[in-house]
Amino acid sequence: MTENQLFRHFIMHKPYGYMTQFVYNNKRKKKLLGELHDFPKGTMAIGRLDEHSEGLLFLTTNGKVSALVRGRKIEKEYHVQVDGIISQSDIDRLKQGVEIGINGEKYQTLPCEANLLPNPGYAERSRRVRDDRHGPTSWITVTIKEGKFRQVRKMTAAVGFPTLRLIRYRIGATTIDDLKSGEVKEVDQFDLEV
């Protein structure tokens, strides 16, 4: 039996409003990943997407794989809807890295890839972002290899464009193209090569 046969791996399109965990010990009721699929005991999410973020999530029963995916060698691409019409000069600032706050300390993000994105046409999420009466929005892609707490949201805010909707589109070579919101697929291994 190979190591991969001992462990199980899943990809999912995490919907808006779900916590990236299986247990929540607070009195306030939260939606958890276990409500979406019958995962085996010991399954853990690799990395986090906050309750208000959507998109690609890897889950595994293998902690070694988790450490590999979270490392700085694997690209994570996000599709980000921002408040206002972002300019190329603001995107260039994102590419160079920006200063954000992490745990009360200033942090300079690493250079990244960022580009304008034509409206990707995602289905409305369960709670609407807002309507056009509140002003225009833009879509961009941001590709990073690090993953600090709420990093992409803090990066877009640092250049003056708060994030309205955040969708992790890709990890390594795996995308959400074939997954509907809330859908889970079991895979033999994660495709991390780009």
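The values are calculated or read from the model by the stated rules, or taken from the named source; none is laboratory data. The shown structure was predicted, so the numbers you read here are calculated from the model rather than taken from an experiment. Methodologically, a virtual Cβ is constructed for each residue, glycine included, from the backbone with ideal geometry; neighbour enumeration extends over all protein chains shown.
Annotations for the structure displayed:
- Residue within segment 45-58 that is closer than 19 Å to residue 188 by Cβ, aromatic (Phe, Trp, Tyr) and not in a helix (DSSP H, G or I) present: yes
- Wholly within segment 75-174, strands (runs of 3 or more DSSP E) carrying at least 1 residues that are touching a residue at least 60 places away in the same chain (Cβ under 8 Å) and under 15 Å from the mean Cα position of the chain (by Cα): 76-83, 137-144, 163-171
- When residue 189 is tested against (1) surrounded by fewer than 13 Cβ atoms within 10 Å (Cβ to Cβ); (2) at pLDDT below 95; (3) farther than 30 Å from residue 8 by Cα; (4) of a type outside the set (A, V, I, L, M, F, W, C), exactly one condition is not met: (3).
- Tally of residues being over 15 Å from residue 55 (Cβ atoms), in a strand (DSSP E or B) and among the charged types (D, E, K, R) across segment 175-194: 1
- Condition check for residue 76: under 30 Å from residue 189 (Cα atoms) and charged (D, E, K, R): yes
- Verdict on residue 117 being in contact with a His (Cβ under 8 Å, 6 or more places away or on another chain), closer than 22 Å to residue 59 by Cβ, surrounded by 12 or more Cβ atoms within 10 Å (Cβ to Cβ) and not basic (Lys, Arg): no
- When residues of segment 75-98 are limited to those that are touching a helix residue (DSSP H, G or I) at 6+ places or on another chain (Cβ under 9 Å) and aliphatic (A, V, I, L, M), the one surrounded by the fewest Cβ atoms within 10 Å (Cβ to Cβ): 98
- Residues located in segment 110-128, provided they are among the polar types (S, T, N, Q) and at pLDDT 95 or above: 115
- Residues satisfying the criterion are absent from segment 44-59 (criterion: without any contact (Cβ under 8 Å) to a residue 60 or more places away in the chain, polar (S, T, N, Q) and touching a Phe, Trp or Tyr at 6+ places or on another chain (Cβ under 8 Å)).
- The condition of being under 28 Å from residue 143 (Cβ atoms), of a type in the set (Lys, Arg) and surrounded by 12 or more Cβ atoms within 10 Å (Cβ to Cβ) holds for only one of 72, 48, that being 48.
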